[in-house]
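As structure tokens, the structure follows; a few thoughts come after it.
The values are calculated or read from the model by the stated rules, or taken from the named source; none is laboratory data. Just so we're clear, the structure is a prediction, and the values are computed from it rather than from any experiment. Cβ atoms come from the backbone with ideal geometry, glycine included; neighbour counts cover every protein chain shown.
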């Protein structure tokens with residue numbers, strides 16, 4: 001059985017186990033979750049997250065060093081940022097439009113008393129200035145991904161300009177990359193068990209009652225996520241990436257499954273890069289440049305949740321948002337995604353920024369909290385798919401890779 005099928009089996013068993021605990025054995029869920037499911041899931045996530053910073057640094061050094069032409073590097077950067085911004089705006093427009101059309105907030109909803117501290121989006125100038133790290137090692141230790149990315153790209157650019165004098169350093173980085181890829185393969189053998197535990201925790205903790213109460217909101221979010229996946233990314237893959245969308249989604253499915261299980265685009269990065277390079281034939285230099293950047297600044301799935309949640313909350317409180325306020329939501333959500341860590345639950349913090357920007361009560365986040373864990377899984381899968389679609393487009397536009405990729409049934413993660 002291929003790894004992908006094993007992960008699917010693990011997820012299926014996790015759903016069944018979680019439902020059994022929630023519906024038939026609710027008193028056992030607490031101890032089973034605390035002493036078995038949470039440790040098992042956390043162990044898997046930590047094993048992957050352990051490699052994130054080293055892989056980002058090594059991959060970006062190799063990717064940048066492999067692009068000896070500064071003009072090409074700038075051209076790739078412009079294409080990547082433009083693609084990310086365009087798809088994020090499309091995601092927000094779709095989510096706001098669907099929210100206004102379906103009106104998920106019309107009905108009886110009650111707050112459960114949960115409170116949240118509103119967080120203001122950092123000024124754009126501060127975000128730009130903080131990209132250059134004063135202490136690169138400190139940024140790596142703190143997981144400040146924008147700074148890590150900037151340092152790795154600057155170092156890779158320096159290596160490319162020095163040329164033969166830096167051959168020893170480049171060779172060492174290449175060998176380190178081989179070691180890290182081996183470790184990713186080894187860790188992924190543990191993925192079915194990690195997926196089982198993570199899914200069981202989410203299903204067992206939510207229960208059918210909370211899910212049914214928020215069914216309309218969930219439907220709108222999932223529907224827009226599907227639109228973004230099929231229409232926006234499918235079109236980009238077909239017209240810009242010159243690839244059959246079915247082959248694309250099939251080849252990238254191992255990474256999507258891991259993203260769904262972990263709810264973390266950053267933790268999934270090693271797997272998504274491997275799937276893009278091995279299954280989609282995206283060149284290593286482009287994949288190493290685009291996907292780590294996307295894991296940090298491209299969060300279309302999260303933007304969709306924010307758009308729908310903002311309209312939902314406004315409808316619950318009977319507030320009609322003006323056209324200007326909707327534009328503010330689009331602008332704030334787009335800027336807030338830049339530099340936000342790709343970790344579980346970060347969407348709620350970003351949502352507080354969006355709600356504050358249009359004068360909606362931050363406490364209303366409690367309305368969507370109950371089902372956010374399940375939606376977080378889905379939107380993370382969309383986030384990383386957007387990164388891969390962008391990498392495919394940039395790779396093909398630069399004349400790299402073979403668009404006629406044949407994906408076998410036993411795709412490698």
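Structural remarks
- Residues in the stretch 232-248 that are in contact (Cβ under 8 Å) with a residue 60 or more places away in the chain and closer than 20 Å to residue 84 by Cα: 232, 233, 236, 237, 240, 241, 242, 243, 248.
- Number of the exception - residue 127 against (1) closer than 30 Å to residue 313 by Cα; (2) at pLDDT below 85; (3) in a loop (DSSP other than H, G, I, E, B): (3)
- Residue in the stretch 198-221 that is assigned to a helix (DSSP H, G or I), in contact (Cβ under 8 Å) with a residue 24 or more places away in the chain, touching a helix residue (DSSP H, G or I) at 6+ places or on another chain (Cβ under 9 Å) and within 30 Å of residue 72 (Cα to Cα) present: no
- Test for residue 153: is it at pLDDT below 85 and surrounded by 14 or more Cβ atoms within 10 Å (Cβ to Cβ): yes
- Scoring residue 264 on the criteria (1) at pLDDT 85 or above; (2) surrounded by 21 or more Cβ atoms within 10 Å (Cβ to Cβ) leaves a single failure, condition (1).
- Scanning the stretch 316-330 for residues that are over 18 Å from residue 88 (Cα atoms), touching a residue at least 24 places away in the same chain (Cβ under 8 Å) and outside any loop (DSSP other than H, G, I, E, B) yields a single hit, 316.
- The stretch 129-150, residues that are surrounded by fewer than 19 Cβ atoms within 10 Å (Cβ to Cβ) and in contact (Cβ under 8 Å) with a residue 12 or more places away in the chain: 130, 131, 132, 136, 143, 150
- Taking (1) at pLDDT 80 or above; (2) in contact with a helix residue (DSSP H, G or I) (Cβ under 7 Å, 6 or more places away or on another chain); (3) in a helix (DSSP H, G or I); (4) buried (at least 17 other Cβ atoms within 10 Å of the Cβ) in turn, residue 174 satisfies each apart from (4).
- For the stretch 246-292, a residue qualifies if it is outside any helix (DSSP H, G or I) and closer than 20 Å to residue 190 by Cα, and the qualifying residues are 263, 264.
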